[in-house]
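The values are calculated or read from the model by the stated rules, or taken from the named source; none is laboratory data. Only a predicted model underlies this, so the values are computations on that prediction, with no experimental measurement involved. Because the Cβ atoms are built from the backbone with ideal geometry, glycine has one as well, and the counts that use them run over all protein chains shown.
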Amino acid sequence: MNNKIINIDPEILSGEPVFNGTRVPIKNLFDYIETGETLEIFLADFPSVTRDQAISLLESAEELLIENSLSK
């Protein structure tokens, strides 16, 4: 199983970070959350992104935020 969450490839959306195996920009998930949409709505709108991918991305973001706040 490939655990890679993010793909950055200059041939896909000019190198914008996307969910691995899709053409869905990572930014879209954060945009949905920012506007108050649920994860379920995001997944319904972007069926090529799995729930596991979205949750893994959010968990990774949380870990980075915690690490960053502890290092200050």
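Under the condition of being closer than 16 Å to Asp52 by Cα and not β-branched (Val, Ile, Thr), which residue from region 1-24 is surrounded by the fewest Cβ atoms within 10 Å (Cβ to Cβ)?
Met1
Quick one: which residue in Glu37, Glu62 is among the charged types (D, E, K, R) and in contact with a helix residue (DSSP H, G or I) (Cβ under 9 Å, 6 or more places away or on another chain)?
Only one candidate qualifies: Glu37.
Just to be sure I understand the filter: pairs with C-beta atoms under 6 Å, separated by 6 or more residues or on different chains, first member in region 9-22 and closer than 21 Å to Leu58 by Cα, second member surrounded by 11 or more Cβ atoms within 10 Å (Cβ to Cβ) and among the small types (Gly, Ala, Ser). Which pairs pass?
Filtered contacts from region 9-22: Thr22/Ser48.
For region 55-72, name all the residues that are more than 20 Å from Lys4 (Cβ to Cβ) and modelled with pLDDT of 95 or more.
none
List, please: which pairs have Cβ atoms under 7 Å, are six or more places apart or on different chains, and start with a residue in region 44-60 that is free of Cβ contacts under 8 Å to residues at least 60 places away in the same chain and closer than 13 Å to Val24 by Cα and end with one that is assigned to a helix (DSSP H, G or I) and among the aromatic types (Phe, Trp, Tyr)?
Close Cβ pairs (under 7 Å, with a partner that is assigned to a helix (DSSP H, G or I) and among the aromatic types (Phe, Trp, Tyr)) amount to Ala54/Phe42.
How many residues does region 23-54 hold that are closer than 17 Å to Asn7 by Cβ and within 11 Å of the chain's Cα centre (by Cα)?
12
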